[in-house]
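Take a look at the structure set out below.
The values are calculated or read from the model by the stated rules, or taken from the named source; none is laboratory data. These figures come from a predicted structure and were not determined experimentally. Every residue, glycine as well, gets a Cβ built from its backbone with ideal geometry; the counts of neighbours run over all protein chains shown.
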Amino acid sequence: MNVAETRDSGAIVGRARAGDAEAWGDLYREYAPAIFRFCRRALPTREDAEDATMEIFMKIRDKLDQYDATRPFSSWLYKVAANHCWDMLRRRKIRQDKETDDLETLPLEHPDPNQLDQLIEKRTSEEVRKALDKLGSRARMALVLRYYSDMSYDEIADSLGVRRAFVGVVLLRARHELRQALEGTGAMAAGGAR
Amino acid sequence: MSSMSSPPNDHEREAQEHLDEMTCMLYLERQLERTRALGVSAHTQSCDACRTLLRAIERESRLLTRAMLEEEEPLPARIAAFQERVHRSMQWIWMVVFGLAATAVYAMYTGYIEPWEQRLETAGLGGTNLVSLLIFQSAFWKGWQSMISLVELLALLTAAGLAMMFLRRRIRRGAALALVLTGFCAAFAVPPPAAATEVRKGQTAEIRKDESIQGNVFLSGEHVEVEGDVDGDVYAAGKDIEIDGHVTGDVISAGRTVWIRGQVDGNVRSVGNTVNVIGKVGKNMTYFGDTIRIDEKGAVGGSIIMFGSDVNIEGRLGHDVLFMGDRVIVNGTVGGSIDEKGANLAIGSKAQIDGPVRFEGENEPAVSSGAKLASPVRFTKHVHKKEEFGQTSAFWACVLAAAFVVYGMMLFLLMPGFAKEATHSAENIGASLGLGLLVFFGVLIGAVLAMITMIGLFAGFSTLFVWIIAVYAAQPVVGALLGQWILGRTNETWPLIGRMILGIVLIRVATLLPLGWVIKLGVIFWGLGAISLAVYRRFQPPAPVQAPYVSPSAPLTPLTPAGGAAAV
């Protein structure tokens, strides 16, 4: 988002905070698709994503006064969305707690670069999305926060409730899970082709 | 990826010399310290395997980002329409809140006020006691019944609204709407109590001696005469109005002189020059004008409220006198008390007053020795304003400031969101002042016009009520803004209240200065305009929600992992 866009968003947010219904509508139209996609990536089902999107915007509407206008609005929005989705997953107890325990035990490896390159090259975006659906909640959430929302390691640590030093481990473990899932879909696709 | 987690032995040996995957990823994401990052960069210059690994990880990052940002499915319709629904649901909430408040008012009336009124009636005070006369018996305001009806209607609307919400979930929206509308039509179709209304105009508008009118009658002309019987209210406007017949309801009149020689069972409410009562008035008299005179043959069953020049009682008054004006002369019978704030009080030798007499005025009351009084006159000499100035005015200034603070706190705590919006709107000084000026005079004139045309009495009174609330809320709103200018902005409620208190104190101090009234008026216009702006913005229709199209290329900040191949 360039400076002009940020300034525009700031002005719209300012008007929305003052109770301007039209400005609120503008904000919603601008950000709802992105937040829906965020929820779609982070949560298991489409229905969950729809519900979460609406709940997030209800929260945003109530908390708009708390937004610090010196920071980009989208960052704050993603922060609220991340907290909401993570809380939602946590309430359902589908977080894989075992991941917390072995965060420090990830072996330091140098994988075969060519093999990795080959695996990545063959995959389409759709296959990656399908593979993402098979990941554990934290792994998926970590990847979404980093590669969709562009959150910093500090923000990810804050959202997921882990120490900052372990964010890299969480992300790398998530990549490993993703590769395993991709290998599975690849095998299935190959099997299907045969 | 099993092949990567269990590499062959020769590869393990190599791995000890190569960069591990974590280091590569952290390097690409610019999470390594500078010295370590420089080391990684130098290593990849000479190591093909590590350079390839870096590129592979970076491609993986790009693939992830692309897969996540791609818009493979449209925005669901219910999300696209959600913003509109939120707005609508807020309207429902307001309606429910307002309806519940109205129901509460009605419940309070039926639960507390009405029984109390009945007890007063039983005690012989109903309809003639000053308190009930002022508040309940419609001597001042005939719209109470209308108000109660409206409250009932609002409660009905609330119930209907809730029913509609309930039904909408179960049956089709159109059908539910039709059902509710039919219900309303049925409710409104119930015929009101029959009340014929007759209108007569002309040089002389009259009801002849042999006539008997059922229902209310409107009479206007230079000369108005009621010699016959009217079973209802008489509304009369003219130079001279004479009631010689029998009126079972009220007489509401505007004219130079009113003569009541006949019998009025209800109240007399009048504006004009003089009212002469030679006959009988069953209930109360409310008069804005020069003189009320009750002849020695005349009788008023209830009380007199008057704002004008003189009250002269030679006949019989059943209950109390509440008077603000110049002079009260009593030479007849008063069944209740006298409260006068004026210049003179004269009690003649034929006078009999059964209740206490309180007189605040400039001159000592003149009481004849032959007068029969229940108790001596309690006289308070009127003190001139110049003498009052000093500690008393400072005290009242403090009381007023405290009252505004309490009022402001109440508003800010009850409606924190709206208070912030109004304070924010006040920053637009020009627009606020302009709009405030318009609303101050426009709404006031509109409300008064509605009130004096009897049809819009409730609307006029309600508008005036809201107008008064807004006028008094103007100082807290402007005070909050002034406080923010001094102490800085805040979005928290209590800090905002603190700023409001500071601002109010400043405003009250400023109004004590010479020409302080100009400042006060300016603050009222400014605050009223800000409130109006906030109301206007709140009730603006929502922007229509378009189809859920969003450019696939610009959702939010597209990202690539920090670092990337270029950094390598």
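Quick look at the values:
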{"quantity": "Answer residue from the stretch B:416-451, given it is within 14 Å of B:Ser532 (Cβ to Cβ) and either modelled with pLDDT under 80 or of a type in the set (Asp, Glu) (or both) and is nearest to the chain's Cα centre (by Cα) among those", "calculated": "B:Gly446"}
{"quantity": "Single match in B:Arg55, B:Arg36 (criterion: out of contact with any strand residue (DSSP E or B) (no Cβ under 9 Å at 6 or more places or on another chain), of a type in the set (Lys, Arg) and exposed (fewer than 14 other Cβ atoms within 10 Å of the Cβ))", "calculated": "B:Arg36"}
{"quantity": "Search result, residues across the stretch A:39-65 that are more than 9 Å from chain B (Cβ to nearest Cβ), without any contact (Cβ under 8 Å) to a residue 12 or more places away in the chain and assigned to a helix (DSSP H, G or I)", "calculated": "A:Glu47, A:Asp51, A:Asp62"}
{"quantity": "Filter result (assigned to a helix (DSSP H, G or I), of a type in the set (A, V, I, L, M) and at pLDDT below 65) within the stretch A:96-144", "calculated": "A:Leu103"}
{"quantity": "Meets criteria (more than 23 Å from B:Ala374 (Cα to Cα) and over 36 Å from the mean Cα position of the chain (by Cα)) for B:Gly279", "calculated": "yes"}
{"quantity": "Extreme residue, farthest from A:Arg173 (Cα to Cα), among residues of the stretch B:31-77 that are among the charged types (D, E, K, R) and more than 10 Å from chain A (Cβ to nearest Cβ)", "calculated": "B:Arg34"}
{"quantity": "Those helices (runs of 4 or more DSSP H) lying entirely in the stretch B:455-540 with at least 2 residues under 13 Å from B:Ala422 (Cβ atoms), within 21 Å of the chain's Cα centre (by Cα) and in the same structural domain as B:Val443 (by TED's automatic domain parsing)", "calculated": "B:457-487, B:516-538"}
{"quantity": "Flag if B:Arg62 is charged (D, E, K, R) and either at pLDDT below 60 or closer than 24 Å to A:Ala139 by Cβ (or both)", "calculated": "yes"}
{"quantity": "Lone unmet requirement of (1) more than 7 Å from chain B (Cβ to nearest Cβ); (2) modelled with pLDDT of 80 or more for A:Gly10", "calculated": "(2)"}
{"quantity": "One residue from B:Met410, B:Met454 being surrounded by 12 or more Cβ atoms within 10 Å (Cβ to Cβ) and at pLDDT below 75", "calculated": "B:Met454"}
{"quantity": "Test: residue in the stretch A:145-165 that is part of a helix (DSSP H, G or I), within 7 Å of chain B (Cβ to nearest Cβ), under 22 Å from the mean Cα position of the chain (by Cα) and modelled with pLDDT of 90 or more", "calculated": "yes"}
{"quantity": "Looking only at the stretch B:413-439, and only at residues there that are of a type in the set (A, V, I, L, M, F, W, C) and more than 22 Å from A:Ala16 (Cα to Cα), the one that is surrounded by the most Cβ atoms within 10 Å (Cβ to Cβ)", "calculated": "B:Val439"}
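Let's see how each residue does on (1) over 36 Å from the mean Cα position of the chain (by Cα); (2) crowded, with 20+ Cβ neighbours inside 10 Å; (3) part of a strand (DSSP E or B):
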{"site": "B:Glu296", "(1), (2), (3)": "yes, no, no"}
{"site": "B:Phe307", "(1), (2), (3)": "no, no, yes"}
{"site": "B:His319", "(1), (2), (3)": "no, yes, no"}
{"site": "B:Ala346", "(1), (2), (3)": "yes, no, yes"}
{"site": "B:Lys350", "(1), (2), (3)": "yes, no, no"}
{"site": "B:Gly355", "(1), (2), (3)": "yes, no, no"}
{"site": "B:Phe379", "(1), (2), (3)": "yes, no, yes"}
